[in-house]
Amino acid sequence: MFVPLIGISENIKRIKELIEHIADTGLNVVIAGESGVGKEVVAQNLYNSSRRKNKPFVKVNCAALPEGLLESELFGFERGAFTGAARKKRGKFELANEGVLFLDEIGDMSFPLQSKLLHVLQSGEFAPLGSEKEVKTDAWVIAATNQELEEHVKKGLFREDLYYRLNIIKIFIPPLRKRPEDIPPLLDYYINKYAEQFDSKQLIKPDSEAMRMLLSYHWPGNVRELQNVLKSCMVIGNWEEVIQGLSTKTQPVSGSISTQLAIEGASVVEDLLNFEGENSPHHASFSLKKIKRKALDRVEREVISHVLDKTGWNRSKATKILKISYKTLLYKISDLNIKPPADISSKKS
Ligand SMILES: Nc1ncnc2c1ncn2[C@@H]1O[C@H](COP(=O)(O)OP(=O)(O)OP(=O)(O)O)[C@@H](O)[C@H]1O
Ligand SMILES: [Mg+2]
């Protein structure tokens, strides 16, 4: 089912413009981004904006099938091509002729298949398994990946020549947490859609407090997670409980740290500007360098304390979240004079 690309962020606006520009060029496109950001939505929008929209849109997930099956899925086979090939089967390249072939999770395609794909892209022809005769195809190849294809190339896992062939146009969709301004229009769109689809009267718009939490949440599952949150809200019937559930999900600490940091950052500046002692702006020893040091210490202290509290002072866990070494953590705890709560001060991790 076609879904319009919803969003008002600069990134989404730019992607919408790009879609209009390239829809009829037939240039190969790679769409990149984390899981759930909308790669398939962009592929469908490209197709829908092009002259090919009345032709087939064929999707193949390259990660879902083992190499042999993926090969026969893409290129088809002749009767008797291998044991069990009782009938001829047309491949997706042929089925997508004049339309779009959407190759999802392209980064997972094996090396030998990558060579075959490169051949089709170069010549516009391919031979089904068990056939000598090449078949022509005019499928527009749009690929998607949630991996760093460039890294795959560097590691020798992805053919460089195929990378350049495919990657003529690259569309990167940033994660939802980097474009929170898209959250309200997405909520509006899906609240209306689900109200129609499920005939639900339950779904209510988030109030300003709930919206504040939704805007600062980390959204590791991106728009797909936002849809799931809305669906839970339909069942549970109130935002408060749904939001409480959010903060205990996969990335609770980093999710709440960003809010914490913003609040802390603001209060540090306020405190330091109001400080009427040796660091007062009117005092001779007032120095921006000192202020910066003080502010940094204070923010670092708050973040480390917060993570330690959340992990129950499990220092190993804390180092992973903070991405610092164990030694650095111990040094910071002592340097910044961070004290554990009395009940766990005796425990070690
Ligand atoms: N900008 C958007 N506007 C409207 N719906 C969106 C948008 N982005 C994502 N969605 C919806 O979110 C869900 C996930 O999007 P999609 O399947 O396109 O993500 P994806 O990047 O292909 O994820 P994956 O890597 O897991 O395959 C879909 O139901 C899609 O309709
Ligand atoms: Mg997808």
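Quick note: the coordinates plus some simple rules give every number you see, no bench work behind them. Quick caveat: nothing in here was measured; it's all calculated off a predicted structure. Neighbour counts are summed over all protein chains in view; Cβ atoms, including those assigned to glycine, are modelled from backbone coordinates with ideal geometry.
Once backbone amide H atoms are built at 1.01 Å from N, K59 has F102 as its partners under 5 Å, excluding neighbours fewer than 5 places away on the same chain. Between the amide H of I31 and those of A143, A144, T145, I171, distances stay under 5 Å, these residues lying 5 or more places away or on another chain, with hydrogens modeled in the peptide plane.
Using the scaling law 2.2 N^0.38 Å as the reference, what is the normalised Cα Rg of segment 10-174? Could you put the intermediate results ahead of the total?
Details: Rg = 15.7 Å, N = 165, 2.2 N^0.38 = 15.3 Å.
The reported ratio for this selection is 1.03.
Stretched out straight at 0.36 nm per residue, the stretch from F198 to L69 would grow longer than its current Cα-Cα span by 42.7 nm.
Tell me, E300, E67 in order of fewest to most beta-carbon neighbours within 10 Å? Could the numbers behind the result be given before it?
Working: E300 15, E67 12.
Fewest-to-most Cβ neighbours within 10 Å comes out as E67, E300.
Residues whose amide H comes within less than 5 Å of that of A127, counting only those at least five positions distant or on another chain, are V135 (H built at 1.01 Å from N in the peptide plane). Between the beta carbons of S208 and K155, assuming R0 = 56 Å, the FRET efficiency works out to 0.75 to the nearest 0.05. Remark: the T328-N11 segment gains 110.4 nm on full extension, using 0.36 nm per residue and subtracting the alpha carbon distance.
Cα-Cα over 29 Å: which of K39/K193; K39/K317; K16/K178; K59/K133; K13/K155; K55/K193?
On the way: K39/K193 20 Å; K39/K317 33 Å; K16/K178 17 Å; K59/K133 25 Å; K13/K155 34 Å; K55/K193 26 Å.
Going by Cα-Cα distance, K39/K317; K13/K155 fall outside the 29 Å limit.
Mind listing which trypsin sites (Lys or Arg not before Pro) in segment 18-109 are in a DSSP loop and have 12 or fewer other Cβ atoms within 10 Å? Write out the running numbers ahead of the final one.
Working: sites: K39, R51, R52, K53, K59, R79, R87, K88, K89, R90, K92; in loops: R79, R87, K88.
Hits after loop and neighbour filter: R79, R87.
Local charge for A139 was computed over the other residues whose Cβ lies under 13 Å away, with Lys and Arg +1 and Asp and Glu -1, and equals +2.
Over all other residues within a Cβ to Cβ distance under 12 Å of I324, the charged ones net out to +4, with Lys and Arg as +1 and Asp and Glu as -1. Working note: Karplus 6.51/-1.76/1.60 with θ = phi - 60° gives segment 124-139 the couplings x, 9, 8, 10, x, 4, x, 10, 8, 7, 7, 10, 7, 9, 10, 7 Hz, where Gly and Pro are set to x. Phi angles of segment 33-44 translate, via the Karplus equation with coefficients 6.51, -1.76, 1.60 and θ = phi - 60°, into HN-Hα couplings of x, 4, 5, x, 7, x, 5, 5, 4, 5, 4, 5 Hz per residue; Gly and Pro are given as x. So, R0 is 30 Å and r is the distance between the beta-carbons of E98 and E148; what FRET efficiency does that work out to, to 0.05? Given R0 = 30 Å and the Cβ-Cβ separation, E is 0.40.
With charges set only on the Cβ (+1 for Lys and Arg, -1 for Asp and Glu), what does the dipole of segment 10-174 come to about its Cα centre, in debye to the nearest 20? Provide the component values of the computation, followed by the final result.
Details: 23 positive and 24 negative charges, 109 e Å.
Approximately 520 debye in magnitude.
The simple spin-label model puts a point 7 Å past each Cα toward its Cβ; for K136 and Y189 those points are separated by 3.8 nm.
Restricting the count to DSSP beta bridges whose residues both fall in segment 1-158, what percent are antiparallel, rounded to a multiple of 5? Numbers along the way, then the final one.
Numbers: 4 of 18 bridges.
Of all bridge pairs located within segment 1-158, approximately 20 percent are antiparallel.
Residue by residue, segment 147-157 carries 3J(HN,Hα) couplings of 10, 7, 4, 4, 5, 4, 5, 4, 7, x, 9 Hz when phi is fed to the Karplus relation 6.51 cos²θ - 1.76 cosθ + 1.60 (θ = phi - 60°); x denotes Gly or Pro.
Taking the Cβ of G68 as the center, what net charge do the other residues with Cβ under 14 Å away carry, scoring Lys and Arg +1 and Asp and Glu -1? Counting the neighbours of G68, the net charge comes to -1. Let's test the formula: R0 of 41 Å, r as the Cβ-Cβ distance of Q244 and L27. What FRET efficiency results, to the nearest 0.05? About 0.30, to the nearest 0.05.
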